[in-house]
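Enquirer: Following this message is one structure expressed as structure tokens.
No value in this document is a laboratory result; all are computed from the given coordinates. Bear in mind the structure is a predicted one, so any value in this text is a computation, not a measurement. We place every Cβ from the backbone using ideal geometry, glycine too, and count neighbours over all the protein chains shown.
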Amino acid sequence: MRVFVPFALLLTIAGPAAADGGLPPPAPSGRERLVSVVPADKAAELDDLFARLAAAKDRGEAAGIETEIRRRWATSGSATCDLMLSWTQKAVAAGDAAGALDILDELTVRQPSFAEAYYRRGTLHLLAGRLSPALGDFQTVLRIEPRHFLAMKDLAVLLEDLDQHERALEVLRRLQEVDPQFDGLSEAIEAIVAGSHGRDI
């Protein structure tokens, strides 16, 4: 039984804004690896926020920290790209998913290390049932930002849809390390484990 709702972000951020599944493997030798271009001071702020997230005592505390992290993820370092990202929110709110996808495609070209553009595009693909491109986008997000708790959650949903329960559980266990108070996480893990009887997990 699916516990998570796959649409997590596009209309909720305020402010500045099928292949093998599982967590993405390291980029093969000779292949360009996407690396986040977050400035060192901002990266240090994120590291501190993630340390606080891992130590959060309850869901309320974790939710506030998640919001701060998401605000930072929605900032690309380019005023133009940030504006374009805001256009995708307006397009989705107006029911124009195709228009939002066009903008997100352009964003991934302009700013290939902007994880948020891939994440939002992946959620649109997932909602439309396009599992293969959604899988690719979520894995790209996690190559850029391995702690992206929303991408891990949606990737787990996708893998469950593909009946790849073992890989979905692997992703959720990693999510548990990053954000142990993530909403619905314990129930999602329990649902997979409870359904594992008769499956090779």
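Enquirer: Can you list the HN-Hα couplings for segment 88-99, worked out from phi with the Karplus curve (6.51, -1.76, 1.60; θ = phi - 60°), rounded to whole Hz and with x for Gly and Pro?
Expert: 5, 4, 5, 5, 5, 4, 8, x, 9, 5, 5, x
Enquirer: Order by neighbour count: Lys153, Lys90, Lys57, fewest other Cβ atoms within 10 Å first, most last.
Expert: By the 10 Å Cβ count, ascending, the order reads Lys57, Lys90, Lys153.
Enquirer: Got a sec to turn the phi values of segment 152-160 into Karplus ³J(HN,Hα) couplings, 6.51 cos²θ - 1.76 cosθ + 1.60 with θ = phi - 60°, whole Hz, x for Gly and Pro?
Expert: Ordered by residue, 3J(HN,Hα) equals 5, 4, 5, 5, 4, 4, 4, 5, 4 Hz.
Enquirer: Let me ask something else about it. Taking the Cα centre of segment 40-196 as the origin, how large is its charge dipole in debye, to the nearest 20, when only Lys and Arg (+1) and Asp and Glu (-1) carry charge on their Cβ atoms?
Expert: Numbers: 18 positive and 27 negative charges, 55 e Å.
My answer is approximately 260 debye.
Enquirer: Now for a separate question. At a Förster distance of 22 Å, what's the computed FRET efficiency of Glu61 paired with Asp41, Cβ-Cβ distance as r, to 0.05?
Expert: Once rounded, the FRET efficiency stands at 0.35.
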